[in-house]
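The next block holds one structure in the form of structure tokens; read it before the comments.
The values are calculated or read from the model by the stated rules, or taken from the named source; none is laboratory data. Because the structure is predicted, anything quoted here is derived from the model rather than measured. Using ideal geometry, Cβ is built from the backbone for each residue, glycine included, and neighbour counts are taken over all protein chains shown. SASA here: full protein model, heavy atoms, side chains in, ligands and nucleic acids out. Shrake-Rupley method; radii C 1.70, N 1.55, O 1.52, S 1.80 Å.
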Amino acid sequence: MVEQSEVRVVRCGGSKINLRPPIISTDSRFVLCASGDSVKVYSTRTEEWLHSLQGHTNQVTGITLNPANHLQVYSCSADGTVKLWDFIDGILIKTFIIGYPLFAIYVSEKHDGIVFLHIAMDTDSKNECFQLVAVHLPKSAEQEVEAKELSAVSSRISPNPSCTAFGREVRAHSALSFSVVITFFLFFLKDLSKGAKNAFTCIACHPADDCIATGHEDGKIRLWRNFIHTKEYTYSTQHWHHNAVNTVCFTPEGTNLLSGGIESVLVQWQYGAGNRKEFLPRLGGSILHVSTSSDGQLFCTSHSDNKITVIESSFKVCGVIQGLVKGDAVLTDLMIDPRSKALVLNGKPGHLQFYSLLRDKHLYNLDIVQQEYIYEAGLDQFEVVKAAFDIKGYWLATVEERGQKSSDLEFSLKLWAYDERTQSFVLNTTITAAHTDRIMSMCFSSSEETTMLVTTAEDGQFKAWCQGADDQNFWSCDFVGSYHNLKPTNCSFSADSSLLAVSFQEVITIWSPDTWELLTTLCQPPGVVRDLCFGQLSCSKYLIATTTRNLLCCWNLLTCFPVPPRMNIIIIYSAALFVFKPNEPRPLFTHKNVCSEKMHRAVFVPREEPLNNCDESSQWLNRSQLYFLTQNMDLLTFSTATEEDRMLSSSKRLVIDDSVAVTPFYLLLGKHRQQQQKLNTPSHPAADKPQQPQGSVTITELLHTPAHVLPAASVLCSMFVSSLLISNTGQEMNSEKEEEHSEEEMEACDSQQELRAQGSVDEVTPKLSKAQERELKRVRKTDFSWMAGLIDSKP
């Protein structure tokens, strides 16, 4: 049992994009958000992911634009570093080593070269305390610099970054009480503690006036004024939210105040106009953060369903950036859609989400419950608890239920058919009384000829469902089975669908789907069967089961005796990963401490092209790739050196050789041109071929210089086009020579014909010289039509 260093864990997608408020670039073209250990850059127009800023080794906890350069962004991380990026080109400019885990970052235009950070305080108290520190960023030519100048600004602040804000000349923060720091004076406003549910949840400073807006747990927003004086401050209250206010934000001009909460409604309050407000409802999940662009033309809201909504200032949604949705729990387990190869799991309430692993992009949501979800705490609503695909991906079975107690349990079984026209699943059959108790598991048959669905439930029965003979292909029950009044827990079909295994607590029964005859029963050491699976390909004769006592059992169905694990691949994941070989009970591969977080689910995804030349210990990754989901919705996978080399070689094909003169279509036609060169014979020397124009240094620099530092296209267009044109001087000289040569040949031919016709050279009449004839031709070609108008105009 050896841990191989060739196989390593890499992050491949997922992650939260709603951990911190997104920021909008100055030109409103890009949206940046913290996502895992990287910063993702999206386009506000196309909503597409452009690239990621990768370099941190831990969770990115904050991002902010550099006030000195609007094309740069700061990011802080729990790895104790602050990094400065060129976010358009994705280039890391500098790394500042702080040495402490960082939880938030702020900048102020009044403080050049200084960033403000949230760090944890060393206290003896069990409750973790935070402080706000100012860090002077040293100026150095080195890429990694240690920042040693740290000065404490305020201590015992709220761990919520939304409770700290910077204003015109004010820095405000809130903890259990509300405090404001102006220059070096500290004032405490404690009178709000007399009421109930009035703790501070968020804060924002007005960009022009001495006004601070705070949100509270009771859903109220308070505007504080005249807070410079200790006993003369005033505040006004505005109330619409029925629950805690999650975020408040002023527009750049300060004319409006934006707020959001659990209602998923963006509220715009007119500053100084009392309770006059506008609403943008039905935005999805609860609003966690609101941010605005520097010109106030775009707003961004981040939601609890891992989504960022781009909104115009006219309160019109213009874009949605959807990440991997984190539901309350992944009840359906991880599945792979056989058609699109997309990852399928629970999404927003009552939906299944389809997520592309290749593009790291959310594809679409499938509404299973088809009911409006009410965002209210404690309300019992329908949830999707089970789902399964058939082998071709034409059918999808789902189970939705509501009710924690059996007496109040409501559930239904739904069958969905794939529609080629809409490229999605359409509801085909709804069965409201599939069982009399909660459905525990279900699976489709593995046969491509006939489709059958088997469900097991706590009522002690398992049922087989088949399509009807009518044109609508509705589903109906075909068989009901049970075993000694025991509750079935799991079911699984063999690779050829000739056998069905159904586990009843500690007993596994084997059935024939053709005759529904009980063939045999299998027993194992004490423990309820938790998972059940048949082998595939050459190992289809083996049946694998895991129990609640953390035991792995394997049976050979040809002999019906337990044997050591002999399946192709067996994965057990908790804190470590184990891979077993068919002929050895000991693991072939193990990986301890796969990740720092807890692994929730895992799934194998078939590869489109199998890997080759892998070591024996990593051959289990040749045909499929293992993905697993962490507690924070990060998607991780195992990568091999062979796979990374293949990706590196494919990326090198896109690199342009500067020494080769190319046209704009060289990347598309270069391969074809190389093949044509190989077919050329020695009879066509290279000297006879037209020479390719050599690329100038100016054009090369033009193509490799970032677009945001180039002059306008109108300035470069005429220069670029002129460099591609061929001079007319050489063409005119060549045309004159060809014309003279052709005239001499014509004259020689005409003279010979005249001599033959006259029969004597002596009778030839004298003719004009060549120069005279050329001059005469030029005169004939001259346009004298302008003289006609002149003559006609005379009296």
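What to note about this one:
- Strands (runs of 3 or more DSSP E) fully within segment 7-53 that include at least 3 residues being open to solvent by less than 50 Å² (accessible area, probe 1.4 Å), under 19 Å from GLY319 (Cβ atoms) and in the same structural domain as ALA78 (by the TED database): 30-35, 38-43.
The rows are residues; the columns are (1) closer than 22 Å to LEU352 by Cα; (2) in contact with a Phe, Trp or Tyr (Cβ under 6 Å, 6 or more places away or on another chain); (3) β-branched (Val, Ile, Thr).
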site	(1), (2), (3)
PHE425	yes, yes, no
MET440	yes, no, no
LEU453	yes, yes, no
SER482	no, no, no
SER498	no, no, no
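Residue by residue, here is whether (1) without any contact (Cβ under 8 Å) to a residue 40 or more places away in the chain; (2) surrounded by fewer than 16 Cβ atoms within 10 Å (Cβ to Cβ); (3) in a loop (DSSP other than H, G, I, E, B) holds:
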site	(1), (2), (3)
PHE96	no, no, no
HIS118	no, no, no
VAL135	no, no, no
ALA152	yes, yes, no
SER155	yes, yes, no
PRO159	no, yes, yes
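- Hits in segment 269-286 (condition: in contact (Cβ under 8 Å) with a residue 40 or more places away in the chain, assigned to a loop (DSSP other than H, G, I, E, B) and not hydroxyl-bearing (Ser, Thr, Tyr)): GLY284, GLY285
Condition check ((1) closer than 25 Å to GLU372 by Cβ; (2) touching a Lys or Arg at 6+ places or on another chain (Cβ under 8 Å); (3) open to solvent by less than 10 Å² (accessible area, probe 1.4 Å); (4) not assigned by the TED database to the domain that holds ILE24) across all residues:
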position	(1), (2), (3), (4)
TYR235	no, yes, no, yes
GLY285	yes, yes, yes, yes
SER314	no, no, no, yes
ASP337	no, no, yes, yes
SER340	no, no, no, yes
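- GLU400 falls short on exactly one of the conditions (1) more than 26 Å from GLY14 (Cβ to Cβ); (2) in a strand (DSSP E or B); (3) acidic (Asp, Glu), and that condition is (1).
- Extreme residue, farthest from TRP555 (Cα to Cα), among residues of segment 480-504 that are exposed (fewer than 15 other Cβ atoms within 10 Å of the Cβ) and not aliphatic (A, V, I, L, M): ASN485
- Residues within segment 551-596 that are open to solvent by 30 Å² or more (accessible area, probe 1.4 Å) and at pLDDT 75 or above, tallied: 14
- Pick from segment 245-257, criterion touching a Ser or Thr at 6+ places or on another chain (Cβ under 7 Å) and over 12 Å from CYS205 (Cα atoms), ranking: surrounded by the most Cβ atoms within 10 Å (Cβ to Cβ): VAL245
- Selected residue [in contact with a Cys (Cβ under 7 Å, 6 or more places away or on another chain), under 26 Å from LEU324 (Cα atoms), of a type outside the set (Val, Ile, Thr) and outside the structural domain of ILE23 (by the TED database)] from SER291, SER264, SER259: SER291
- Considered as a group, the residues in segment 287-304 that are farther than 16 Å from ARG20 by Cβ and either without any contact (Cβ under 8 Å) to a residue 12 or more places away in the chain or not in a strand (DSSP E or B) (or both) include one that is nearest to the chain's Cα centre (by Cα), and that residue is SER293.
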